[in-house]
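Reviewing the structure listed below.
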């Protein structure tokens, strides 16, 4: 029985092929992952500065408003961008502090994958 002996050139070719195959698999796995979230942008239009500085933004799911996902204190002249999973949300604006009769305002929004939903407060 004859044994098959690899020549040096064949070994070199196999090593190169194996190295290139592994490299290709590693580089293709390092690509940017797709996003599975969306964004919520809160914009204050024509609000008095004292209202904006004393307002809290609360985000809850529409189907379970007892579960608070995010609470943000509003800051004047700041873009409020909140990253969320896709779904339907209630955005509540509530004031705090002394001497002001703040209303509680609720807006409803749908967040979609890769898109920005905008809620404007006028």
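No value in this document is a laboratory result; all are computed from the given coordinates. Since this is a predicted model, take the numbers as computed values, not measurements. Here Cβ is always computed from backbone atoms with ideal geometry, including for glycine, and neighbour counts include all displayed protein chains.
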With label points set 7 Å from each Cα along the Cα-to-Cβ direction at residue 11 and residue 41, the distance between them in nm comes to 6.2 nm
Once both label points are put 7 Å beyond Cα along the C-beta direction, the residue 67-residue 116 separation in nm becomes 2.7 nm
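Hey, fewest Cβ within 10 Å first, where do 65, 46 land in order? Please report the intermediate quantities before stating the final value.
Working: 65 13, 46 7.
Ascending number of Cβ neighbours within 10 Å: 46, 65.
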